[in-house]
Amino acid sequence: MILRSLGAVVLLLGGLTSPSTDAASANCNYYVSPSGSDRGDGSAQRPWKSIEQARDQLRAKKNHQNCDIVVNLKTGGYVVDKTINFTEADSGENGHKIIYRSADGPGKARLLGAKPLTGWQKYKDNIYKTKVDRNFYTLFEDGKRATTARYPNRTSDDLWSPYLFSVLPEAEYQAVHNWLFFDAKDVPKEWDPDFDKNAQMVVWSGGSWSWFTDTVPLGGADFRKNFFTLSYDARFHLVNSRSGSRYFLQNTLRFLDQPGEYYFDFANSEVYYWPKSSIDKVLAPTVKTLISLHGSSPDRRVQNVAFDGLALQYSDFVDWYRYGWNGPGDSGYEHKYPVYDRQIELPRNRFGMITLENTRDIDLTRLHISDSGYTGVFLNFANERVKVADSLLANIGGDGIKVEGGYPGEGAISGHHVFTNNYIYHVGELVPGDAAGIELMSTGYNEVSNIVVKHSARYGISLEVRPEIKNEDNYARGNKFSYIRLEETGLDSGDMGAFYTYGVHNVEPHPIDNYVTQMVIGDVLNDPAGQMPDSGTRGVHMDAGGCGFSISNVEVGKVSDDKYQAYKCNEVTNANWADGFDTSKMEYDKIGVTSAFPYPIPS
């Protein structure tokens, strides 16, 4: 990775003798600057030029750390050409941390996972094209995400609809996962002679089940029998007894018909774009992950590292996406509960703008994470005591924060995390299916507090395992949710709750060991296009064994189904779906982010 225009970075390193000033050594201060060089020594006078250089120098030189290391990044934007990787060799030692922070205030030092596209030439009318040296799967103009040219066109930048619907020509095709039959009136026959091999489909597979979305390249189209062939199987079959699957087509030049849309001709390495403002403001992503903290094993973790006040903007998506394996045991590994293969991400999709695996005691504070291709912060498998606090996450391709613990029954390897005072805004922009502001899976003893999630295709917050898991093998215990506001959720999906649980405490008895209190859920009303075939929206949905919860002081706005749907296996006190709701017990002034939140609230 190359970090350009890196501001001053202060490294407080115990046990490291500064190669320059005595003051630097005494105060443990080291620097990185835009004007730094490979020959810098980390002093204020001769700063290093990049985070990687500082990281490597510290890794090589530190002995017995006796104070915190602080890396201060000055104001500026720094292009990340390659993921910045941290291993256990970069851990803080002897109870001290290594801290990378924005020196001039939150959000001033910006790590940018994109760089401008150049060489544009006029193609025709308002459309430009240029040659590129790499593939990418999202695009940005002047700090906002562009839309892959699609059919039918979206009605708003804030919505995913409208959609087309698959049809069923004959009963034997109901169970297929890779052929989508279309209504002839939806797909003009004049597309047949020049069908675009770069075309893709985004589909809520499963017929009426609006649970997951697949983004899949098309392998071909038959305009006589009216079906598309998907290059990879969708998560579910494409028609059920209630409905066909909602879908739209994308990435074909003929669909590029309005400002803010782009088309990628992968075969010829050319991008076409119709700018909203200036073609000189178009940026393409360079990486999927900007910062990776990855220990070599659960016994050798990255630990005692912190990132404070940094802004991370822009990252890439993937060439195709499906949530999880389609069948139990499809991962190819033997597990006590092979059905859990269906509940977790495919290995290729286990990434975020910040990705953590095999870590402990990591602090992510006062961050501004925006315009991600997929998840903002992804905690994969073995992670313990990770904090995400006082941070703004906005315009996220998938989930805002996702924790994916280990397989049930094989040891609790993820937990004791703190997610507090975070504002999570616009999630599921590229993966509306199963999107959540915060998604916790097979993880326990976490604190989620003072959270706002606003504008989500599906969930606000979810806690999940599987309904087949025995209680003793279920690690989703001891979680506490408090002072939470969920607004504009369920915008594009059905059969959901703004606060959602799945498969938690499936077998009696149901001891109370998860807690929800002081939560306000705004209106949960989906699908402005009026196309939703699935069951309705709910405020709180305790799905498939969502038991063992204490729920108190919760208020839900308008919904299209129930404000609360659950088995009779939870303790509920003072909720507005039951008689006797007492608003005086609601601590409205404490719900949501606090006055300490360091960023302007998005509007």
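Of the residues contained in the stretch 505-524, one or more are found to be buried (at least 24 other Cβ atoms within 10 Å of the Cβ) and in a loop (DSSP other than H, G, I, E, B). Taken over the stretch 398-409, the residue count meeting the criterion of being buried (at least 24 other Cβ atoms within 10 Å of the Cβ) and either assigned to a loop (DSSP other than H, G, I, E, B) or acidic (D, E) (or both) is 5. When each of A457, A476, A412, A436 is tested for being open to solvent by 10 Å² or more (accessible area, probe 1.4 Å) and hydrophobic (A, V, I, L, M, F, W, C), the lone residue that passes is A412. Filter the stretch 577-593 down to residues that are in contact with a Phe, Trp or Tyr (Cβ under 9 Å, 6 or more places away or on another chain) and open to solvent by less than 80 Å² (accessible area, probe 1.4 Å), then give me how many there are. Summing the residues that are in contact with a Phe, Trp or Tyr (Cβ under 9 Å, 6 or more places away or on another chain) and open to solvent by less than 80 Å² (accessible area, probe 1.4 Å) in the stretch 577-593 gives 6.
Of all residues in the stretch 250-265, those being more than 25 Å from the chain's Cα centre (by Cα) and open to solvent by less than 50 Å² (accessible area, probe 1.4 Å) number 5. Of all residues in the stretch 52-105, those that are under 26 Å from S297 (Cβ atoms), surrounded by 15 or more Cβ atoms within 10 Å (Cβ to Cβ), modelled with pLDDT of 90 or more and among the basic types (K, R) total 1.
From the list S315, S296, S269, S331, the lone residue that is among the polar types (S, T, N, Q), touching a residue at least 60 places away in the same chain (Cβ under 8 Å) and more than 15 Å from F136 (Cβ to Cβ) is S296.
Within the stretch 323-359, being open to solvent by less than 30 Å² (accessible area, probe 1.4 Å), at negative phi and part of a loop (DSSP other than H, G, I, E, B) holds for Y323, G327, S331, Y337, I344, E345, L346, F351. All told, T147 falls short of being within 30 Å of Y502 (Cα to Cα), modelled with pLDDT of 95 or more and either among the polar types (S, T, N, Q) or in contact with a Pro (Cβ under 8 Å, 6 or more places away or on another chain) (or both). Just to be sure, is S442 on the phi > 0 side of the Ramachandran plot, buried (at least 24 other Cβ atoms within 10 Å of the Cβ) and not aliphatic (A, V, I, L, M)? In short, yes. Residue count for the stretch 527-559 under the criterion of being farther than 16 Å from Y502 by Cα and either touching a helix residue (DSSP H, G or I) at 6+ places or on another chain (Cβ under 7 Å) or modelled with pLDDT of 95 or more (or both): the result is 8. Annotation note: of F181, F140, the sole residue that is over 24 Å from Q343 (Cα atoms), over 29 Å from the mean Cα position of the chain (by Cα) and buried (at least 17 other Cβ atoms within 10 Å of the Cβ) is F181. Taking the criterion of being among the charged types (D, E, K, R) and surrounded by 14 or more Cβ atoms within 10 Å (Cβ to Cβ), the residues of the stretch 36-51 that qualify are D41, R46, K49. Scan the stretch 200-217 residue by residue and report those that are assigned to a loop (DSSP other than H, G, I, E, B) and open to solvent by 10 Å² or more (accessible area, probe 1.4 Å). Matches in the stretch 200-217: W209, W211, F212. I'm trying to understand the selection: among the residues of the stretch 316-362, which are under 26 Å from P106 (Cα atoms), under 18 Å from the mean Cα position of the chain (by Cα) and not aromatic (F, W, Y)? Of everything in the stretch 316-362, those that are under 26 Å from P106 (Cα atoms), under 18 Å from the mean Cα position of the chain (by Cα) and not aromatic (F, W, Y) turn out to be D316, G352, M353, I354, T355, L356, E357. Applying the condition of being polar (S, T, N, Q) and part of a loop (DSSP other than H, G, I, E, B) to the stretch 222-249 and asking which residue is surrounded by the most Cβ atoms within 10 Å (Cβ to Cβ) yields S245.
Just one of the listed residues (Y323, Y340, Y314) is in contact with a helix residue (DSSP H, G or I) (Cβ under 9 Å, 6 or more places away or on another chain) and aromatic (F, W, Y), and it is Y323. Here is the figure for the stretch 250-290: residues that are among the polar types (S, T, N, Q), outside any helix (DSSP H, G or I) and over 22 Å from S156 (Cα atoms) total 3.
Within the stretch 148-163, not a single residue is of a type in the set (D, E), touching a Gly at 6+ places or on another chain (Cβ under 8 Å) and buried (at least 17 other Cβ atoms within 10 Å of the Cβ).
The values are calculated or read from the model by the stated rules, or taken from the named source; none is laboratory data. Note that this is a predicted model, so its numbers are computed, not measured. Please note: Cβ atoms are built from the backbone with ideal geometry, for glycine as well, and neighbour counts cover all protein chains shown. These accessible areas exclude ligands, DNA and RNA; they are computed on the full protein's heavy atoms, side chains included. Shrake-Rupley method; radii C 1.70, N 1.55, O 1.52, S 1.80 Å.
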